[in-house]
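I have placed the structure first, in the form of C-alpha cells, so that the comments after it can refer back to it.
The values are calculated or read from the model by the stated rules, or taken from the named source; none is laboratory data. Just so it is clear, the model here is predicted, and its values are computed rather than measured. Cβ coordinates were reconstructed from backbone atoms using ideal geometry, including for glycine residues, and neighbour counts include every protein chain displayed.
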Amino acid sequence: MSCMLPPECSWKPFWLEVRAPRAVPARGAAIRAMIKFILMVNKQGQTRLAQYYEFLSVRERVTLEGELIRKCLSRSESQCSFVEYRDYRVVYRRYASLYFIVGIDNDEDCNELAILEFIHTLVETLDKYFENVCELDIMISDFGETVAAKIRYRLGGHLPDRSHVLLQCARKSRRTGSTATRKTGFAELPRPSSASGDKGAEAMRLLLCWTAALESWSLGHSATNAEWGHSINMAGLQRTLSQRMSKEFLLISLGIDGDVNKAKLQQSVHDFNSTLYALIWGDPQQGIVAAPNVRVEENLQKVLHLWVPFEILLTSSMDSVRSLDGSINVPVLEAVSSQNGPLLDASNVVVGGLVDAAKVSGASTNGLVQDIAGRQRTYIQSLCLKALLVSQGVSLLENKASLKETKLLFEASHAGIIEGVPFAGVPVLTNVCTLHQMSEVTFYYSKVRPLVSEILNAHTVQSSQDVQVSVSDLVRQFRDSSEACARNRKFTEMLFSSMVLAVDLFNNESTACDLASAMSGAEWLSFIDTLGQLRLETQQVSQHFMQVALGSNVHTSKVEITVMMSSASQRLRSLIEGCKEQGIPSPPTQGVVDQLLIGVETWSMLETELTQAVRSEAVSPITVDRVALLSGDLLDQLTSVMDMTLKEAWRASADTASYLLDLTSKQAMRLSRLSKEANLAHYGIKPEQNRLALNASRDSFVATHHLLLLGSPAQNTTPAVPKRSQLCIIRLMHEVDELYQQLQEAALAVAYGSFAKVSDLDRLNPLAQEAMAAASKALVDGVCDNNTGEVELHAWLEVHQEAADLARLSQDATAAFILAQQEGGGRFSSLNAVAHDVESSLHRLMFGSWVPHVASPPTQALLDYILSTLRPILERFESALAGTDVLSVEAAGVSLLSAAEALQAKYLRGAMEADPSWPGARVDMLVSQAALASKVLKEALMHLYGFRKTEVELRSAIDEFQRSHEHLKAWRFNSFQILHMNSFFRAAAVPGLEPVIQERKDILDQWDRIDQAWLSLKSHAFSVTSEDTWRVEDAMAGVVSEIQVAVPLYGMEDVEAPESFPWTTAIYTSVGGALVCCCCTIAYCQWAKDRGHGQAGDKDKQAAKRGTVADEV
C-alpha cells in the first residue's frame, strides 16, 4: 500500500489547474452539503472506520452499510468507481484489502474526481504516518479516528476561524514545491519538510493543508451571487478606507478630536489589513471570494506593495504630525497626499478585476453597478479629504483640480446608477428600497454640495484658508455611520451613512421595505400632487403641440412645449427617485415604480416627437397622429399609477385629502383635454372619435364638479367627500365653472370646424387652470379666505331673480303633481322635469351658475340660510313628490314658497343697500307675480279635483295677484290723482312705490299686456274642467312670459326729462307779435298814405279856390 507523495501538497491534480473563479463558502457549508459519510471496509465486508456527517439512527446506519458494502464489493475493477445509492452518489476506491467509500450529495454540481483525489490524499496521509499502512494499523491505532475527527472538524462546519497559514501553504505549495522558509507580505511562514522528525504532525499538516485547499476551492463549487456581491463590496470598501484614513490623519493634524481620530485611524488601518488578507486568500466566515484569477491576485499584490509604506507613514507620523505649539508638519501631509492617490487607483483596479471575474463566472449580480455604488462612498470621503488639503494649501492646484473632478464624478455616477447608462452596461435602478435610500443620498448631498462649491470658488490660498472654519465644520460632521445614526449628526455625516446603506442594498436587493406605512399624510399628498401635476403637464404639452400643428400662436406654443417638457421630465424623475428637499417621497411600492418606469419609456418617445416638432417648420399628420397616440398611452399609464397610489394611500390612512387631490388634478387634466381633443378633431385626426372623447370629458368634468360641491358618502374604495359650506370655496368653484363653460363652448366650436375659436382655447385654458389650482388648494386644505368683499348690484339681482323663480317652481311642481296623479301618462314626465328644475334652482342658489347666469351667494350668512333652512325644506318637498298624497305635497310646496320668498326679501334688502337708486320695490313685486300666477293655477286644480271644498282659496289667490297687479297700475297716476282715487285703488297705491313717469311708455304698454294675459288666466281659472286643464296652463304660462319680459323694463331707473325754456310758446308769441306789428305797421302806413293824399287834395282844392278867387278878383 505504500505510495510516494510529493512534499507538502506539491501535487497538481488536473481538475484544479483551471483557474476558474472560486469562492470560499461560509464555514465549510459547501463541503458539509457534499460529504455525508466516510467508510473504511475490508474485503470481508467488515467496517473498520465509519464517520457520518448527518444524523442517522443505528438501524439506518447498519442497513446502509450492509447494502452499500455488498454493492461495492460485488463490482469488478473494470467498472466505474461512481455508484448511485438511494439519495447519495457514492465514490469508492480500493487500496489492497481496504475499500474507502465516501457518500456525497446526489447533485450535478458535485465533483466525483475531487472526491477520488480526496480519498487518495487521505490514504497517502495514513501511509506517511504508518510508513506502510495496513488494516491492522487502523484497527489498533486511534489515528484513523483522529483523521476522521479532523476531517469533521475541517469539513463539518465547526471550525471557528480558518488559519491563513494553512491556506497559504495549500495555495503556494500548489505552484511551487519549495520547502524552505519564505518571507511573504503577511508573515514568516514555516514550510514543513519531509525530513521532519514528527511524522504524525507532518502527516496531519499535509491532510489539513489539503482539506483547507479543498474547502477554499469548494470541490469545484461556484461562488454564489451574494458572495460575489459581498466580495466586490468589500473590495470597494478598501478604496473608501484609503480615503478615510487620510482624512482622519488630516483631522489629527488639525487638532480636531485628536484622540478620537487616532483611535479611528488605527481601526481603519486594521480593517484595511484584514480585508486585504481576505481578498487575497478568501474568508469563509465573511463570504469573501479568494482572488479568482492571476490578474486579480497580481493587482492585490500591487495594493499590498503600496499599502505597506503608506501604513508605516500613517502609524508612525500620527503622533508627530502636529507639534505641541500647533504647527503642522506639511511635508508629511504632502506625503500622505501623494501616496493616497496611487493606493486608491490600485484598489480601484482590484474592484474592476473582481467585477470582470464575476461577469465571466456567469454571476447574475451586476458587478459594475456595485463597483460604481461602492465608489460613491470613496468619493464622499475624498471630497472631505481634498477639501482639507485645499484649505491647508497642500498641493493647492492639484488637490483643487482633484476636488472638482471628484465632485463631478460623484454627481455623474449618482445620476448614472439611478437613471442608468445602457450603452455602458449600467441598468436603470428599479428596486423601490434602493431608490428610497438613494433619495436620502440625494437629499444630504444637496446640503453638502454648496460648501464644496464654495471651496472650489476660492481663487487663492488665502481665500481657501478663509473657508477653513467651514471646512472644519464639514469635516467634524463626518463621523462613523453608527455614531451618526445615534447622535443624529448633520448632513455630511448622514450622506456617508446613507450611501453605505445604499451600497448594501445594491449588493443585496430587497423589496421588503414597507415605505407606504412610513409615509406621512403630507408625503402622500405631495406625491399625489406631483403625480397630478405631471399628468396635467403631459396633456398640456400635447395641447400646445396641437396649437403648433394648427398654426395658431406657433412661437409661444413652441416655447411652452420646451418649458413644459423640461418640467415634466423633472417631475417624472422626482416621482421615481423622490426629492426630499421638495417634500416628494420616493414611490411607496414596487408596483408604482414599475409602472412609472413604463411611463418613462413612453414619455421618452413622446419627448422625441415633440422636440422634432419644435425644431421643424411644419408638423406632418403622421407626427400629429403619433403624438396623440403616445399622449393617450402616457395618460393611461399615469392614471394607473395614480390609482395604485391612491389605493395604497387609502390603505395606509383613510384620508380624504389624497382622494380630493386626485379628483381636482383630474379636473385640471380634463380642462386641458378639452383643448387637445377639440384641436385633434379640427385637424382631422379621428374627428368623430375625438368629438366623442370631448363630450366624455365634458360629462366627466361636470359630474366631478358636482361631486366636489355636493359631496358623496364613503364607498369600498373611496372615502367620503364632504358637502361644501364655505363661501370662499364655493366662489372659487363658481369661477372654475364659468371658465369651464366658456372653454367648452370654444372647444365645441373648434371641434366642429371654427378656426377663429382656436385662439380662445389658448387664452382660456391657462385661466381655467389657474382657477382650478386655487380651488384645488382650498378643497384639499379645507380652509380659505372667507372675506367676500363688496358685492356688486348685478350679483344681487341675479340671485334675487333666482329666488323668485324657486318660489314659482314650488307652485309649478305642486300643480304638475296634481295633474300627474289625476291624469297620469305623460304628466309624470312633466312632473319629473319640473322637479329637476326645482333641484337645479336650489343648486344655482347655493353654487351659482353660468347658464342662466347666477352669481354665487353674496354672503356667508345667506349661504348658511340656504343650507340650514331652505335645503331641508326642499328635501322634504322632494320627498313628498316621491309619494302620492296631494295634500302633503301642497303643504310642503307652501313651506318652500314661504322660505323662497323670505330669501327673496333678503336679497332685495341687499340689492337696495348696494344701490339705493335701483327701483327694487317694483321689481320685487313684479317677479313675485309669477309665483302668484302659478299659485292661481295650483288652486284652480285643487278646486277642480275636489281637494278644496270651496273657491275661497282660489279667490284669495286671485285677489292677491289682483292687488299686486294694481300696485303696479298705481304708477300710472301721479300723487294728486292717487288722493282722488276710490278706496280700492288707494289701497293699491303702496307708499314707497313711486308712480311711473309718463315718459316710460314701454312699461305702460307691457303692463297692459300683462293685464290682458291675467284676464285670460282669471277667466280660465274659474271655468277650467278636467278636459281642458291645458287652457289654464297656457294662460298661466302667458302671464309668466309677459312678466319676464317686463322685469328688465321695471328694473331700469326712471329718468325724467329736465325742465326746459318754453321755446315753442316764445316762438309762437314772437311770431304772433311780429305779425301783429306788421299788420299795425301796414295799417298805419296805409292810413298815413291816405291822410297824405287827403291833405294834398285839400291843398289843391284850397289852391284852386284861391286861384278861382284870384281870378274872380
With the requirement that a residue be surrounded by fewer than 22 Cβ atoms within 10 Å (Cβ to Cβ) and either closer than 20 Å to residue 698 by Cα or touching a strand residue (DSSP E or B) at 6+ places or on another chain (Cβ under 9 Å) (or both), what does the range 763-794 give you? 763, 766, 767, 769, 770, 771, 773
Restricting the range 844-861 to residues that are in a helix (DSSP H, G or I) and free of Cβ contacts under 8 Å to residues at least 60 places away in the same chain, the residue that is surrounded by the fewest Cβ atoms within 10 Å (Cβ to Cβ): 861
Which one is surrounded by the most Cβ atoms within 10 Å (Cβ to Cβ), of the residues in the range 624-655 that are within 30 Å of residue 742 (Cβ to Cβ) and of a type in the set (S, T, N, Q)? 631
Suppose we filter 738, 688 for residues that are within 18 Å of residue 763 (Cα to Cα) and either in a loop (DSSP other than H, G, I, E, B) or not hydroxyl-bearing (Ser, Thr, Tyr) (or both); which single one remains? 738
I'd like to check something: does the range 528-549 contain any residue that is in a loop (DSSP other than H, G, I, E, B), out of contact with any strand residue (DSSP E or B) (no Cβ under 8 Å at 6 or more places or on another chain) and surrounded by fewer than 24 Cβ atoms within 10 Å (Cβ to Cβ)? no
Please indicate, with yes or no, whether at least one residue in the range 338-356 is among the hydroxyl-bearing types (Ser, Thr, Tyr), touching a helix residue (DSSP H, G or I) at 6+ places or on another chain (Cβ under 7 Å), assigned by TED's automatic domain parsing to the domain that holds residue 261 and farther than 27 Å from residue 228 by Cβ. no
Would you point out which residue out of 864, 885 is in the same structural domain as residue 841 (by TED's automatic domain parsing), among the acidic types (Asp, Glu) and without any contact (Cβ under 8 Å) to a residue 40 or more places away in the chain? 885
Those residues of the range 363-400 which are more than 20 Å from residue 329 (Cα to Cα), of a type outside the set (S, T, N, Q) and not in a helix (DSSP H, G or I), in sequence order: 363
Does at least one position in the range 256-266 carry a residue that is modelled with pLDDT under 90 and not in a helix (DSSP H, G or I)? yes
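For every residue, the table says whether it meets (1) surrounded by 15 or more Cβ atoms within 10 Å (Cβ to Cβ); (2) out of contact with any Pro (no Cβ under 7 Å at 6 or more places or on another chain).
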site: 309; (1), (2): no, yes
site: 323; (1), (2): no, yes
site: 347; (1), (2): yes, yes
site: 360; (1), (2): no, no
site: 366; (1), (2): yes, no
site: 372; (1), (2): yes, yes
Looking only at the range 993-1023, how many residues end up being surrounded by 14 or more Cβ atoms within 10 Å (Cβ to Cβ) and at pLDDT 90 or above? 12
Taking the range 928-954 and keeping only residues that are small (Gly, Ala, Ser) and either within 14 Å of residue 1038 (Cα to Cα) or part of a helix (DSSP H, G or I) (or both), one is left with 928, 930, 931, 933, 934, 940
In the set 676, 666, 647, which member is among the basic types (Lys, Arg) and outside the structural domain of residue 780 (by TED's automatic domain parsing)? 647
Against the condition modelled with pLDDT under 75, within 28 Å of residue 135 (Cβ to Cβ) and either of a type in the set (Lys, Arg) or surrounded by 19 or more Cβ atoms within 10 Å (Cβ to Cβ) (or both), how does residue 31 come out, does it pass? yes
Quick one: how many residues across the range 401-429 are among the polar types (S, T, N, Q) and assigned to a loop (DSSP other than H, G, I, E, B)? 0
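One line per residue, one yes/no per condition, for (1) modelled with pLDDT of 90 or more; (2) within 12 Å of the chain's Cα centre (by Cα):
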{"position": "570", "(1), (2)": "yes, yes"}
{"position": "575", "(1), (2)": "yes, yes"}
{"position": "589", "(1), (2)": "yes, no"}
{"position": "592", "(1), (2)": "yes, yes"}
{"position": "595", "(1), (2)": "yes, no"}
{"position": "603", "(1), (2)": "yes, no"}
{"position": "618", "(1), (2)": "no, no"}
{"position": "638", "(1), (2)": "yes, yes"}
{"position": "651", "(1), (2)": "no, no"}
So which residues in the range 323-340 are farther than 15 Å from residue 388 by Cα and either aliphatic (A, V, I, L, M) or in contact (Cβ under 8 Å) with a residue 60 or more places away in the chain (or both), if there are any at all? 324, 326
Go through the range 583-606 and count every residue that is farther than 30 Å from residue 651 by Cβ and buried (at least 20 other Cβ atoms within 10 Å of the Cβ). 1
Does residue 557 satisfy the criteria of being farther than 20 Å from residue 648 by Cα, out of contact with any Pro (no Cβ under 9 Å at 6 or more places or on another chain), at pLDDT below 95 and not in a helix (DSSP H, G or I)? no
Given (1) more than 29 Å from residue 656 (Cβ to Cβ); (2) in contact with a Gly (Cβ under 9 Å, 6 or more places away or on another chain); (3) assigned to a helix (DSSP H, G or I), where does residue 831 come up short, assuming only one miss? (2)
